[in-house]
1. What spacing in nm lies between the two simple spin-label points modelled at residue 795 and residue 711, each 7 Å away from Cα in the Cβ direction?
2. Considering amide H positions built from the backbone, and no H for Pro or chain starts, which residues 5 or more places from residue 565, or on another chain, come under 5 Å of its amide H?
3. Determine the alpha carbon to alpha carbon distance for each of 449/539; 623/655; 622/657; 133/877; 133/761 and list only those over 22 Å.
4. Which far-off residues, 5 or more places away or on another chain, put their amide H under 5 Å from the one on residue 678, with H placed in the peptide plane?
5. Based on the alpha carbons, how large is the Rg to Rh ratio for the range 743-822 when Rh follows Kirkwood?
6. Which value, in debye to the nearest 20, gives the size of the charge dipole of the range 51-181 about its Cα centre, when Lys and Arg are +1 and Asp and Glu are -1 at the Cβ?
7. Rounded to whole Hz and in sequence order, give me ³J(HN,Hα) for the range 647-654 from the Karplus expression 6.51 cos²θ - 1.76 cosθ + 1.60, θ = phi - 60°, writing x for Gly and Pro.
8. Order the peptides 162-172, 474-484, 393-403 from the highest to the lowest mean number of other Cβ atoms within 10 Å of their residues.
Amino acid sequence: MPHLLSPPRDQVHGRQTTKRIKLAAHHDLAETRPASKPSKIFAPFRTVGLVSPTDVPFTVLPLGKTTFQVTTSVGRSLHTYDLRRGLNLVFITRPQTPEPITATKAWQDKVIAAWGGSQASSARGVWVYSRGKKVAELEDIHGSPENVKQFLIFGTWIVGCCSTRIEVWKSNTLEHYTTLVPPYSGPNGLSRRITGGICNMPTYLNKILAGREDGTVEIWNLSSNKLIYTILPAASNYGAVTAIQPTPALSLLAIAYENGPLIVHDMRHDKEVIRLRSVTQGAPISSISFRTDGLGAGEDGRHSGAMATSSHSSGDITFWDLNSGGRRTGVLPAAHNAPVNTAEGISGGINKMEFLPGQAILVTSGLDNALKSWIFDETSFSPIPRILHMRAGHAGPVSALQFLPPESEGTEANGKWLLSGSEDRSLWGWSLRRDGQSTELSQGNVQAKAKKRGLFGHGSGGHGPESLKAPKITCMASSLNRDGGIGALPGSQAIWNKTSNSKGASKSNAADSSATGWESVVTGHEGNRFARTWFWGRKRAGRWAFPTSDSSNVTSVAMSPCGTFALVGSAGGSIDMFNLQSGMHRQRFPAPLTPLQAKQLRLQQLQTEDSLEKEVDPNHKKKYKKGQGKHTSAVTGLVIDNLNHTVISCGSDGKFKFWDFATGLLIHEIDFAAVGRTIVSLRYHRPSDLIAVACNDGSIAVIDLQTQRVVRELSTSFSTITDFCFSSDGRWIVAACADSVVRVWDLPTGHLIDASRLRSKCTAIAFSNTGEYFATACEDSLGIDLWTNRTLFTQVPTRPIEEGEMAELDAPTTSGEGGQSIVAATLEEPATDAHSETAVPSIDQLSDDMITLSLVPKARWQTILHLDLIRARNKPKEPPQRPKSAPFFLPSLPSTSNPSSTSVPNDAPSSTTTSDTKSRHLTKLNHAPEPSTLTTLLHTSYTTNTHTPLLTHLKALPPSSLDLALRTLDPSSPATELVAFVQALTAQLRGSADFELGQAWMAAFLRIHADAVVREERVAEAVGEWRGVLAGEMVRLRGLVGSCAGVVGFLRGV
């Protein structure tokens, strides 16, 4: 029987709800976050790896009959993907919202986004975006304590659903119209909550439906602001309404309950039509969608009536045929990750699923940071779709980061790929040039394996397909010198075979991979005794799973620079070396002993203990026997030197060891345990042969590989180090600490030069080998934050700072708003620091016999070589547009179309104007232009043979001014200015000063005046003289280097 209610009354004010008038005053919402102090070295760039990390459902916008655009929320920005382009990213909204986005809705060619904080007093608002740009705002709701969770737009209404209230705006004026508050009923007001969202029924004018927590569905009239009807549940134990959706058939509404079935209800007659029982127990339906292309139902799929349902608590999608009383036609298992590992911070479940209008395509987004599109095949009908496109990222916090090394020096992809491992058991490769190239490295057909083992559904014991993946990555190593690219080992091979010493199999594997290359990435995994290999070129798992010799878990891995050998360190202290080409075990550190050798070694140790009267020279290095020196606890770091001569290891026993690569003998060790420290991790900088180890007391020790001594000790004030790395040039050490601070030390001085506090704890960091980017991963984020290095193009003061002088940083954004690119950094004014000036005198050159580099900033002379590229990047894409109307404060000019508006008659003679113009031209011809400063200095340098003033002037010019000065040199015969310039560079070269600066100047000169050098004999002779002086200097320098190398070699031999 219909349950009619009287018009609602506002429970707060005790009166009927009335329409609100538009407020004349308009205010801009200020940013509620505290202002942050920038870092001196790092500038935020952007965030990668975010697709759909929030529980805000996506929204779909059809673009005619050609394509659809899908918009997802990534926090405070929106990402728009084009379906026809394979879900390529086309728009990122700017500006960011002040608070996280809570709801979105596509409308015409726009997207509406509601934002707000978690507190009742937080700022809130609704913004309108078009093609990624903010174009309007909906009228503010003053004093609203709730965020908008869902939008509904139809007719002239924009309806926003909050937790307990419904806000209504006019779509034509964007004015706030009214607020609908359900009446109070039930204990503690719980039944006032709207848990099933809102929807509208087609052909029902000005009517909306809202599903409530007490199981009822309300029908509201927006025009009269009245609750006109309430649909009651069939049973009181059905629980809250979790989803409502109108069917393609008129007056039929699908209602899903928390503890009850899914019911198709006839609104016109208020009766149940179809009842469907949910497949998955404990997973209430949260999303319902109907297929509207007239297909998908029936035995042959040629009938209408197909429906799909999904749940926040499951990654499965269930498909239904509503004909003949309704039946389940199939289940798409594990469409998204199920939320089974929430304790580890891994998200899952499906937050929305929607059939595209008139298409056989289903779009889904999950809390696993994935957006997918599925397509139904028509020729061989199947009720279960197949994957069409996918964009995804990590579903859990990042646990390991590493920039992929280049295949060779100077390659285009150098520093443009980033590897990351995560809590969700995946390994991703991120392209910093194009997001569409980013991909997850395949671990085989996990879905097929899970289906074979029965891991789908509630009978799997909570272990879904993700449990078949390799465990969380804790360490990784890579080398692309032997990577075969996409053609490495063509065909299909089994992945992660347990290695064996079978000679036949090893020879076959080696022969197959010798021509095409082999694996280039090795990873260690949490709680697992196998280190796994990966093909980077093929983006898939490799052939080998290398076990530890003592069957304990893997704690560290390393690869040789040649890409042939992999080292595996274990929690028990063993170190094993494997050949990546054949998968065979090659060496142990220390080398194993036969029983006879072990007995002899024991006798020698007893004899050594008896001869205590012998004095040991403290400067003499101890000699170790075969089989000695094994780590007594976990190996926390491994590395191989550049020449494959030495293996370096460290462990939690506080020992830092040097091993012979070929024999496995221990050469030398440094004992940190003597001062009560254990080693947590190790990093190696190959160009400088420096190794840094992080200790448990928060300190970092830097060791020179050649001298095998500690050369620096750095302290973090007893804060635990979570990760650290070298800068690309080896001058800095950057460390992320447990107190959410990223610290930077200058190695030559040992001073702390920068400290920046992030919003949350940083778990992994990496520095690109080109020095352009610095990557960080935080424990509360699924994305990877990228920062640019300011010091590449600007002079940054690096004075020592105290611990209290740290910057407060906001993380980069996916849109790059507020960030700084490399090109933008070149145009930034150098930072000034009042404390950066020191009293240390500057000496330009110690001796005339020494080749001295310039004190001019590196960025200045490097920019000269790439100035054309910088100008091309900064060139505007479009010409400036002429304004439609002049500003109001400019006076109006007389119109040329109205002859009467001019003050000069048309028949007035123009002789006066002509004579004035001629006189001005004569004046310009009579006065010759004054010579510039550069011209004067060139003339003085040529006549007096004094080049110092000219060189000083050139060093003071910025790159653009120097380029202009070179282009204005007079190349006409006798080309005196060109000759003077080259002679000045020759004198500079003879003085052995500013060596690299002179080379850059000459490169720019030859690029601009190459034709003059060929044409003018005097210029060619001057350039030839400069070249002869350069050749002499190179011969002298080569002799000095050879002499020094000989002396060093002699001392090593002694």
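1. Placing both labels 7 Å along Cα→Cβ, they lie 2.7 nm apart.
2. 560, 580
3. Over 22 Å Cα-Cα: 133/761.
4. When sequence neighbours closer than 5 places are left aside, the close amide H contacts are 696, 697.
5. Values: Rg = 13.3 Å, Rh = 14.0 Å.
Reported Rg/Rh, Kirkwood definition of Rh: 0.95.
6. Around 500 debye, computed over the range 51-181.
7. Couplings: 10, 10, 9, 9, x, 6, 7, x Hz.
8. Values: 162-172: 18.9, 474-484: 21.3, 393-403: 24.1.
Peptide ranking by packing, descending: 393-403, 474-484, 162-172.
The values are calculated or read from the model by the stated rules, or taken from the named source; none is laboratory data. All values derive from a computational prediction rather than experimental measurement. All Cβ positions, glycine included, derive from the backbone under ideal geometry; neighbour counts span all protein chains shown. We work out accessible area using only protein heavy atoms, side chains counted, and drop any ligands, DNA or RNA first. Shrake-Rupley method; radii C 1.70, N 1.55, O 1.52, S 1.80 Å.
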